[in-house]
Structures are given as C-alpha cells and as structure tokens.
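In what follows, a structure is listed as structure tokens, so that the remarks can point back to it.
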C-alpha cells in the first residue's frame with residue numbers, strides 16, 4: 001500500500017550561500033523586546049561556537065537545554081557548514097516527539113472545510129475567531145521524512161443508509177503544515193504569557209499531516225479526529241531555529257474581533273515562508289506542484305497558540321510539537337489539502353502527463369518544499385513521501 | 001486555588017491478606033487462550049522472583065520490558081509484601097506517561113451527556129455503538145496522586161448573546177475513570193488483533209479526568225476537548241497487573257448491533273471492580289461518597305479499545321495510557337461525574353454536614369476507591385485529591 005517518505009535538503013539552484021561573515025548571529029540581531037533567558041542565550045552561543053569556521057565540526061551533538069530533554073536530540077549535519085547562516089538548521093534525529101498538538105489556524109482552510117460540510121452561512125464555528133482551536137494529536141506516530149506511510153484500514157460509512165464498513169481508506173489526503181518544537185517550556189500550573197512565548201519556541205519543521213477523510217468523517221463526532229490522523233504524521237528532520245527566521249518577519253494579520261487580553265500581541269510574529277506541495281505518481285518522471293501557499297496565511301500566530309495552550313496551566317515540555325493546521329491561502333492554488341483542491345472530491349486535480357487525482361493513489365510521492373528569499377539569502381527545505389519499495 | 005492530590009493505598013478493614021502460598025501466580029492460572037509472549041512471561045517470572053518470600057526485597061526495580069521503556073519506571077513497595085498476592089501491585093513512579101488516549105466507553109455516560117445536550121431522541125451519536133469513540137489526551141499533565149491540581153483559567157461563553165469572557169472555571173468537575181498501561185505494544189503499521197490484545201495490556205490504574213465544563217462547552221467544536229482537560233489528569237501510583245484481575249472476570253455485555261469482525265471478541269474481558277468517589281470539603285470532618293459505580297458498566301472492553309486504536313497502524317508504546325472514559329452505571333448514584341450527578345447543574349448533590357455541591361469548590365478533596373471482593377480476597381485502592389496547603 002503506500003506513500004512513504006524520504007528526505008533531502010538542498011539549496012535551491014542558483015542560491016547564494018551566506019557565510020558566517022555575511023550573516024552574523026541572528027540572536028545578536030534580535031530586537032531587545034525578544035529578551036532571551038540566559039540559559040537559552042548560552043545555548044545559542046554553544047551553537048555558534050560549534051558552527052564557527054575554526055571549531056572542529058562534531059558528527060553529532062546533544063544540546064544543553066535548560067530543562068531535561070527526554071525525546072529531543074540534536075545533531076548538526078556537516079554538509080550544511082558554510083552553506084547556511086549559523087543557527088539555521090539543526091538535524092532532529094530523535095525517534096519520538098513529546099506531546100503533539102495540532103492547531104487549525106488558517107482561516108481560509110477552516111472556512112473551506114466549513115463551506116463544504118456546513119454551508120457558506122455557518123462556515124466558521126462561533127469560537128474560531130476568538131481562540132486558536134486545536135486538539136491533541138498522536139505523538140508516537142510522528143515520524144521523520146523517509147519513514148514509510150501505509151494506507152490505513154478502518155471503519156467508514158460511505159452510505160448514509162447502510163451500516164458502516166471496514167476496509168482500506170479511499171480518501172487518503174495530505175495536509176500542508178508547519179510545526180514548531182517547544183523549548184524550554186513551562187512548569188505545570190504556570191502559563192506562558194504571550195509576550196514571553198517567543199522564548200519557548202525553539203524552531204520550525206515542515207509537516208505533512210496525512211489524513212484519512214472517510215475514516216475521519218465517521219469517527220470524529222463528538223470528540224475530534226482520532227484514527228484518521230494517528231496512522232502517521234511526517235516531519236522534516238531539519239529544525240530551523242526562530243533566530244534564522246527573524247529576517248522574514250511580516251506584520252500580523254488584523255484580528256477582528258480583537259482577541260481577549262491574554263491573546264493580544266502587537267509584535268510581528270508572522271513569517272514569509274513560501275510553501276509548495278508536489279506529487280510524483282508512479283508513472284511520472286517529474287513531480288507536479290499542486291499547491292503554492294505561504295506560512296504568512298496563518299490567522300493565529302505561534303505565540304498566540306503557545307499562550308493559549310498553556311493558559312490553563314498545561315505544561316509544555318522541550319520536544320513537544322505544536323503544528324499549524326493546514327495552511328491554505330485565499331487563492332485556490334494555495335489550498336493545502338486535496339480535500340480543498342478537489343473540493344471534496346468533486347473535481348480532478350490535474351498533474352499533467354495524462355494523470356490527475358482527487359485523493360492519493362498508491363505509490364504517490366509527496367514533496368513539500370519551503371523557500372525563503374532575501375536579496376542575500378535563498379534556500380529550500382524539501383521532504384519527500386516516496387512510493388513504497 | 002484548589003483540589004490537590006495525595007495518595008494512599010490501604011487494605012480495607014477486615015480484609016484477609018492472601019499470601020503467595022494461597023495465591024499462586026496468576027500468570028500460571030491464565031487460560032491457555034490468553035497465550036503469553038515469552039518476553040512477557042519472563043517479565044512475570046522476574047516479578048515473582050522478586051516477590052518470593054526468600055528473595056531480598058529491592059527498594060526499587062526497573063522492569064525489563066521487551067521494548068524500550070522511555071517513560072515507565074516501576075518499583076515495588078515493600079509495604080505490600082505479603083499483604084497482596086504476587087503481581088498485584090506495582091508502584092508506578094514515572095513522571096510522564098507516553099501517549100495518553102481517553103475513550104468514551106460507558107454507554108450510560110454517553111447517553112446521559114447526549115440527553116443533556118441533544119435531547120433524548122439523539123442521545124447516542126450514530127457511531128457510538130459501532131466503535132469505541134476516543135480522542136488523544138494530553139500526556140504531559142498526567143500526574144500521580146499527590147500532585148496539586150489548580151482550578152484552570154480560560155475562555156468561556158456563559159451568555160450565548162454576549163462575547164466570550166476570560167476567568168477561572170466555574171464548573172470544575174471530576175470524571176471517575178480507570179485506565180491501563182500498554183506493554184509491550186506494537187510496531188508502526190502493524191495492528192494488534194483483538195484476540196492478542198490482552199498480551200499488550202499491562203495493568204490498570206484509577207484515574208480522575210478533571211474537567212472544566214464551561215471551558216469545554218465553548219472550545220470543543222469541532223475538534224474535541226482540549227484545554228478543558230489538559231490542566232491535569234490524576235492517576236493512582238499503583239498499577240494492578242491484569243493477572244491479578246483475572247479472578248474478577250465477568251461475561252462481556254451484549255453488543256447490538258454486532259461489531260465489525262476486527263472488534264469481535266467472545267472472551268470475557270469485563271471486570272467486576274467496585275468504584276467509589278467521595279468528596280471531603282474544607283468544613284467536613286469525613287468524606288461523603290457521591291458515586292458508587294463499577295468497571296463492569298463499560299460497553300467496550302479494553303481489548304476492543306486496543307484493537308481499534310491500532311487497526312490503522314498506529315503504534316502503541318510501553319507506558320502509553322488508555323483510559324476508559326467516565327464510568328457510569330444505570331442507577332443515578334452510579335453516575336461518574338458531577339455533570340451527571342447534578343444533571344448539568346440543575347440540582348444539588350447532598351454531602352451532609354449542611355453542605356452540597358453542583359461542581360467542585362476550592363479546597364475539595366476527592367477520594368476514588370476501588371474495591372474487589374472474593375471470598376478469600378478483599379482490598380481497596382484509594383487515591384485522594386486534597387485541598388491545597
């Protein structure tokens with residue numbers, strides 16, 4: 001059965017590399033308002049020393065987070081040395097995330113799904129504009145790019161007038177997401193205020209939240225998605241630290257109604273990260289891009305997500321993973337799932353080469369790419385979902 | 001703010017202790033149909049050796065599960081030696097569970113909640129009788145009895161015609177549950193068939209799934225409970241192994257409609273465990289029992305829950321925690337939450353001493369007790385939620 005994953009990180013063709021000389025420590029460039037804890041500052045210093053031109057490059061390295069790191073191990077890839085600015089990439093080699101939470105923070109995605117299932121008048125749920133809606137996901141099956149993903153079997157109810165049936169998922173989908181690792185996090189009972197949230201956001205990964213739409217439709221009422229998601233969630237092995245992303249900040253979207261005070265944050269924390277999803281079917285020589293989106297389309301920022309998550313005293317631990325939810329923009333080509341791109345399976349998504357899709361076929365390879373551009377910096381992070389060997 | 005937890009395990013007054021002579025290894029007594037993996041059999045042998053009268057009793061001990069145990073550490077309490085049958089109690093001293101899943105498997109509870117919020121005609125959702133509905137919970141805030149639980153703050157919408165408000169939860173509730181630890185579990189992509197599920201169910205704990213009903217009501221659509229649960233979930237530090245519970249097996253409830261084949265299981269896996277919830281308010285000299293229930297009221301068995309959880313290939317790891325959901329029986333006094341006992345806050349729950357409750361007050365202590373009885377064996381497991389000092 002199917003889609004599987006491998007991984008590669010490549011500089012985009014023609015990109016300019018930024019040496020440590022041309023790109024000094026992002027940590028040092030941070031506005032004072034992002035005030036760092038001394039322990040985290042020490043961590044950055046450790047990274048910089050390890051990545052400096054004169055230091056011997058270690059094959060692997062476990063970072064000294066201030067809190068215990070039961071699941072997150074970090075190593076550097078020597079191949080990136082000199083190619084990217086310091087602090088830009090950290091290879092995440094752990095098998096397991098801690099807890100995993102998935103948000104639902106793209107307004108366009110929530111609206112699209114709402115229109116499909118509840119009609120245009122009731123597209124957004126009443127709570128959506130007041131809080132970053134999210135749910136707990138399954139951490140054990142968060143896997144790194146390169147891990148095979150099998151088409152799940154399960155219970156579905158394709159015919160409303162007949163009993164449920166058991167079988168292989170027929171509406172296997174992707175969700176274009178990004179996610180961030182928490183570090184260091186908070187103690188149980190001690191919320192993280194939104195204006196301190198940045199200090200606990202370690203870095204970001206690309207994510208594919210594989211989704212079985214037919215299983216989801218039958219199981220999810222009233223307690224949310226469960227087996228329709230827990231068969232696998234793929235992340236890139238690269239974590240891009242927030243320091244590296246600071247040059248790509250954009251103003252936040254206008255939030256109307258204004259959120260409650262614990263979610264109010266005037267600081268920009270929206271990032272201009274171009275995102276692409278491509279499919280390469282078994283009979284195709286090249287992948288075809290089906291989605292062009294951007295992380296800037298998020299309505300709720302990661303700082304707001306983190307502040308909301310901990311406001312009740314819930315403790316977030318180093319290595320916990322918090323995901324964006326499907327990232328869809330306003331243009332149809334920016335929709336981040338096949339559910340939206342095929343409008344609930346009512347139209348084909350053309351792939352060229354005489355092929356098209358509504359949902360995934362066995363053997364499909366999924367490639368998610370991120371592209372960040374500045375006059376002096378351009379790079380691509382890519383991860384693949386390959387056909388099973 | 002409030003309820004906090006301490007723990008004690010006591011034999012009930014007048015109970016007869018069962019020595020290792022009168023109660024030989026439950027593992028050896030198991031019907032052949034429960035066939036054990038050799039690795040798990042070796043584990044039981046290790047326990048028995050450690051608990052035998054002649055062996056020196058270790059202060060603590062980490063069990064050699066066949067799979068890595070990143071989060072579950074086990075130690076024996078010398079105080080139980082000779083008081084309970086071998087294999088009966090294992091002290092769970094880990095800080096963290098792996099993944100945590102909460103089911104919703106008491107028909108009476110699901111019906112009660114359904115009647116309150118959707119009316120009698122649509123009480124049970126269409127999927128409820130076809131699969132064990134469940135959702136992923138927050139593992140980081142699963143705490144052992146003795147850990148303070150603070151009344152959470154968060155976003156609520158008490159007035160349908162006004163915007164949401166921020167503040168302390170006003171409808172803080174308990175949920176009487178039991179849960180089991182997985183061990184050893186399955187590999188990603190390899191489901192556990194229902195007839196092998198018992199081999200992966202290590203043992204059981206008592207659980208209080210603290211719930212903020214007003215936060216839950218506003219946040220839970222469409223992705224399920226989130227912050228209304230993640231502020232804390234208390235478990236007993238005692239794990240009772242399944243071998244110890246085998247003498248208390250009962251026939252399973254009749255399931256109509258008959259479940260799909262992957263959930264069909266003829267073997268009894270329903271357990272006769274009496275459960276009690278008591279509250280001790282600040283002004284009370286003794287706790288008052290508000291609920292008398294029994295684990296036998298579950299509609300879906302733990303084997304069915306485990307088989308369903310893994311049918312899509314989701315991997316379950318040693319130390320993962322799977323909970324029953326609120327355990328309510330048919331009699332009003334057996335309802336396992338204050339939401340049900342006060343019928344959504346429409347009536348008082350009398351506590352005597354001039355006190356009553358609809359939901360928890362600051363300083364309330366919660367005591368959950370399990371009682372198992374046979375002519376030769378009677379014991380009580382108890383855990384407390386005490387007022388904060």
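Restricting attention to region A:238-255, the residues that are over 17 Å from residue A:297 (Cα atoms) and out of contact with any helix residue (DSSP H, G or I) (no Cβ under 8 Å at 6 or more places or on another chain) total 3. Among the conditions (1) crowded, with 21+ Cβ neighbours inside 10 Å; (2) more than 14 Å from chain B (Cβ to nearest Cβ), residue A:250 misses just one, which is (1). Just so you know, in region B:87-104 the residues that are within 16 Å of the chain's Cα centre (by Cα) and modelled with pLDDT under 50 include one that is nearest to the other protein chains (Cβ to nearest Cβ), and it is B:92. Filtered by the rule that a residue be within 16 Å of the chain's Cα centre (by Cα) and at pLDDT 90 or above, region A:170-189 gives A:173, A:174, A:175, A:176, A:177, A:178, A:179, A:180. If you go through region B:288-298 and keep only what is surrounded by 24 or more Cβ atoms within 10 Å (Cβ to Cβ) and farther than 28 Å from residue B:348 by Cβ, you end up with just B:298. Among the residues making up region A:345-373, those that are at pLDDT below 85 and either under 25 Å from the mean Cα position of the chain (by Cα) or buried (at least 17 other Cβ atoms within 10 Å of the Cβ) (or both) are A:369, A:370, A:371, A:372, A:373.
Each row is one residue, and each column tells you yes or no for (1) in contact with a helix residue (DSSP H, G or I) (Cβ under 9 Å, 6 or more places away or on another chain); (2) under 23 Å from residue B:317 (Cα atoms).
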position	(1), (2)
B:208	no, yes
B:213	yes, no
B:220	no, no
B:230	yes, yes
B:236	no, yes
B:257	no, no
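Scanning region A:144-153 for residues that are touching a residue at least 24 places away in the same chain (Cβ under 8 Å), facing chain B (nearest Cβ under 7 Å) and in contact with a strand residue (DSSP E or B) (Cβ under 7 Å, 6 or more places away or on another chain) yields a count of 1. Could you list all residues from region B:105-143 that are more than 9 Å from chain A (Cβ to nearest Cβ) and assigned to a loop (DSSP other than H, G, I, E, B)? Within region B:105-143, B:105, B:119, B:123, B:124, B:128, B:129, B:132 qualify. Against the condition more than 11 Å from chain B (Cβ to nearest Cβ) and either at pLDDT below 95 or in a loop (DSSP other than H, G, I, E, B) (or both), how does residue A:239 come out, does it pass? So residue A:239 fits the description; yes. Restricted to region B:304-327, and to residues there that are under 18 Å from the mean Cα position of the chain (by Cα) and at positive phi, the residue that is surrounded by the most Cβ atoms within 10 Å (Cβ to Cβ) is B:325. Condition test on residue B:301, is it under 15 Å from residue B:250 (Cβ atoms), crowded, with 24+ Cβ neighbours inside 10 Å and either without any contact (Cβ under 8 Å) to a residue 60 or more places away in the chain or within 14 Å of another protein chain (Cβ to nearest Cβ) (or both)? Yes, satisfied. Screening region B:155-234 for strands (runs of 3 or more DSSP E) wholly inside it with 3 or more residues that are touching a strand residue (DSSP E or B) at 6+ places or on another chain (Cβ under 6 Å), touching a residue at least 40 places away in the same chain (Cβ under 8 Å) and away from chain A (no Cβ under 13 Å) returns the ranges B:176-182, B:201-208. Here residue B:343 meets each of (1) out of contact with any strand residue (DSSP E or B) (no Cβ under 6 Å at 6 or more places or on another chain); (2) within 14 Å of chain A (Cβ to nearest Cβ) with one exception, condition (2).
The values are calculated or read from the model by the stated rules, or taken from the named source; none is laboratory data. Here the structure is a predicted model, which means the values were calculated and not measured. Every residue, glycine as well, gets a Cβ built from its backbone with ideal geometry; the counts of neighbours run over all protein chains shown.
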